[in-house]
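One structure below.
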Amino acid sequence: MENNELIINQMPNLPESLQAILDRYTDTVVKSLKEQYEVLKDKIEYLETKQPVNPVIISFLFSQRKSRVIKLLGGKESNAYQDAIIRSATYREAANAFKKRYKIPRYDLLSKKDQDSAMIFWNDWAPSEELTKRINEANQSGD
């Protein structure tokens, strides 16, 4: 806008009607540019924060969950892992904890803004006290 004013001020004796037309045109262009900027800003915000993460990331998160559950059950050879009820309960509790933490009904709705914290979620996740007790009892009964 400053450049337009500079150009206009350098023009000698513009008729008033031409000046008014130029002002209206400048206002229209500026308004249009502001509207376009707002639309682009909203689209960029969506892409950076709200857009769901890439399916490859979702696959990786499933893999992390699986590894964490197997480890917490004591490995694939453990009694707790071999017990389908305990194994299912652990997977279910893990999935529910993840969905509750990120307030999503399905993994594929995880927002990009949560991607980094989701990657480390499984490092610290542990089953409930009750389920941990069931896992320990199952594993001790086979010793």
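Things worth noting here:
- Residues considered: Ser59, Ser63. Of these, the only one that is surrounded by fewer than 18 Cβ atoms within 10 Å (Cβ to Cβ), assigned to a helix (DSSP H, G or I) and at pLDDT below 95 is Ser59.
- Residue match in segment 88-108 (condition: touching a residue at least 60 places away in the same chain (Cβ under 8 Å) and either loosely packed, with under 10 Cβ neighbours inside 10 Å or touching a Gly at 6+ places or on another chain (Cβ under 7 Å) (or both)): no
- Counting the residues of segment 58-87 that are in contact (Cβ under 8 Å) with a residue 60 or more places away in the chain and more than 11 Å from Trp125 (Cβ to Cβ) gives 5.
- Count of segment 2-51 residues, restricted to those that are touching a helix residue (DSSP H, G or I) at 6+ places or on another chain (Cβ under 6 Å) and modelled with pLDDT under 80, is 3.
The values are calculated or read from the model by the stated rules, or taken from the named source; none is laboratory data. This is a predicted model, so every value here is computed, not measured. Neighbour counts run over all protein chains shown; Cβ positions are idealised from the backbone, glycine included.
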